[in-house]
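Structure, as structure tokens:
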Amino acid sequence: MVDVLAAPPQAKSQTRADSSLRTLAAISTAHWVSHFHIFVLPMLFPFLKQQLGVGYIELGFALTIYAVVSGVTQAPMGYLADRIGARKILLMGLTLGGLALIMLGLHLSYSWLIASAVLLGLANSVYHPADYAILSAHMDEARMGRAFSIHTFAGFLGGAVAPAIVAALVATVGGLGALIVAGAVGPLVALLLVIVGIPDASAADRNAGGAPLPQPSIVTPTIMVLTLFFMLLSLSNAGIGNFGVVALMSGYSVSFSLANIALTAFLGLSAIGVLAGGFLADRTQRHGQVAAVCFAINAAIVFVIATVMLPSLLLTMAMGLAGFLGGVIAPSRDMLVRNAAPPGAAGRAFGIVSTGFNLGGIVSPLLFGWIMDQNLPHWVFGASVIFMILTVLLSLATDRSPQVSSRTPDKADASLSIIGGG
């Protein structure tokens, strides 16, 4: 067995780079699972409605329960990640989410659906604080933005392929089988992470002598503003993502197929923008300004969509560009949180601010549904513009110089060479 400590510096650097790459791949896979599991129940609504004999209101209530539980438990999970280790709660989240779907497949009933939604919400609350705590502690500082972007892209990909995977499972093993197989993905990926040997983030909580570092207060004005920032981001995108098709059809005389093409452009280019934003985040320290500029341009584009009857091609291009710019800011968004977190508190910081996403997820269906009920489809885009402008202001307010990394110089030299080279 090769003694890494006795190896030459070049070999040590390559070993750490390989370890960073394995960690990123493993954590990104877990994030893929989290988004995949989010879409399993909605994709099975027709099956569940028929089998359970309930309406869509009852099924929607299960999703509301999921969002509320996930939102309430995000911050506690962040504290737990920093206290007992992010790796433990990540493995528990993967396993719990999988078992929730498996148990629903084995005991299909409405009460089990609600119980499954509760457990899925609890499992979902684990991913952001645990994932970002591990990535913040173990990725190369110079490529942190790109690491965050790949992690986010993996989540986008999990949601994008979920409909096709669930449809294929229903066609081959039926609705109950789809629940069981989709659920089994969670424990299997947890086992994979154990085999790979992902590192823990608890090392960030200790000083060189092994004693725990003092735990500073994480509830700071900056963290609170970032939580509001995350909620506004959710509100800015949720209206277009969830109600864009019906708004375009009812208010712009756009066909169903064209509206879906425009939304596909918005969502697809969002994922590409996330990857591009990772390179940008690694080349600047002014992450708030990046977010502000991108969202200012985005607000102008969406304002044009809200007020002008664009030709089909221009509408699709405008939606795609809006999605791309929305994706670009994601890594800078994550870097803002990381820079605001005290050393050893990344789990708590991301746990608290991610609550903003859940709050937005609870409010947005009610708000934009009310807008559509009032027959104001243009205001689906108009309200999004207002949220984007508020996001721009908060982006500038939260922009600050990053804290000095607590990692050792030799660790910072361990480059994640596959991301951007060099």
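Miscellaneous remarks
- Positive-pole candidate from ALA190, PHE303, ALA67, dipole of the chain, charges at beta carbon: ALA190
- Farthest toward the positive end of the dipole of the chain, out of ALA164, MET388, VAL254, is the Cα of MET388, where the dipole comes from beta carbon charges about the Cα centre.
- From phi via Karplus (6.51, -1.76, 1.60), per-residue ³J(HN,Hα) for region 361-377 in Hz, x at Gly/Pro: x, 7, 6, 4, x, 5, 5, 6, x, 4, 4, 5, 5, 7, 6, 10, x
- For the chain, the longest principal axis of the alpha carbon atoms and the long axis of helix 144-196 meet at an angle near 50°.
- Computed magnitude of the charge dipole of the chain (debye, nearest 20; Cβ of K, R +1, Cβ of D, E -1): 300 debye
- On Cα atoms only, tilt of 9-43 relative to the major axis of the chain in degrees: 20 degrees
- Fewest-first sequence of MET317, MET335, MET77 by Cβ atoms within 10 Å of each Cβ: MET317, MET335, MET77
- By the count of other C-beta atoms within 10 Å, a proxy for reagent exposure, VAL69, VAL302, VAL274 are ordered fewest to most as VAL69, VAL274, VAL302.
- Exposure proxy shown here: for TYR127, TYR56, TYR79, the number of other Cβ atoms within 10 Å sets the order, fewest to most, as TYR56, TYR79, TYR127.
- Selected from ALA133, HIS107, GLN50, residue furthest toward positive end of dipole (the chain; charges at beta carbon): ALA133
- Over all other residues within a Cβ to Cβ distance under 13 Å of GLY155, the charged ones net out to -2, with Lys and Arg as +1 and Asp and Glu as -1.
- Sites MET317 and HIS107 - FRET efficiency at Förster radius 41 Å, r taken between beta-carbons, to 0.05: 0.25
- Kirkwood analysis of the chain, using all unique Cα-Cα pairs, places the hydrodynamic radius at 22.1 Å.
- Where N is the number of residues in region 334-380, Cα Rg divided by 2.2 N^0.38 Å: 1.71
- Helix-only CD estimate at 222 nm, as mean residue ellipticity for the chain, using -39500 (n - 2.57) per DSSP H run (n ≥ 4): -28000 deg cm²/dmol
- Using Cβ point charges alone (K and R +1, D and E -1), the dipole size of region 221-398 about the Cα centre works out to roughly 340 debye.
- Only Lys, Arg, Asp and Glu carry charge here, each on its Cβ (+1 for the first two, -1 for the last two); on that basis region 43-153 has a dipole of about 100 debye about its Cα centre.
- For the residues HIS37, HIS128, HIS378, a GNM of the chain with alpha-carbon springs under 10 Å puts the largest fluctuation on HIS378.
- For the chain, the longest principal axis of the Cα atoms and the long axis of helix 287-307 meet at an angle of about 10 degrees.
Every read-out reported here was derived from the displayed coordinates using simple, explicitly stated rules and does not represent laboratory data. Just so it is clear, the structure is predicted and the values come from calculations on it, not from any experiment. FYI the Cβ positions are ideal-geometry reconstructions off the backbone, even for glycines, and counts take in every protein chain you see.
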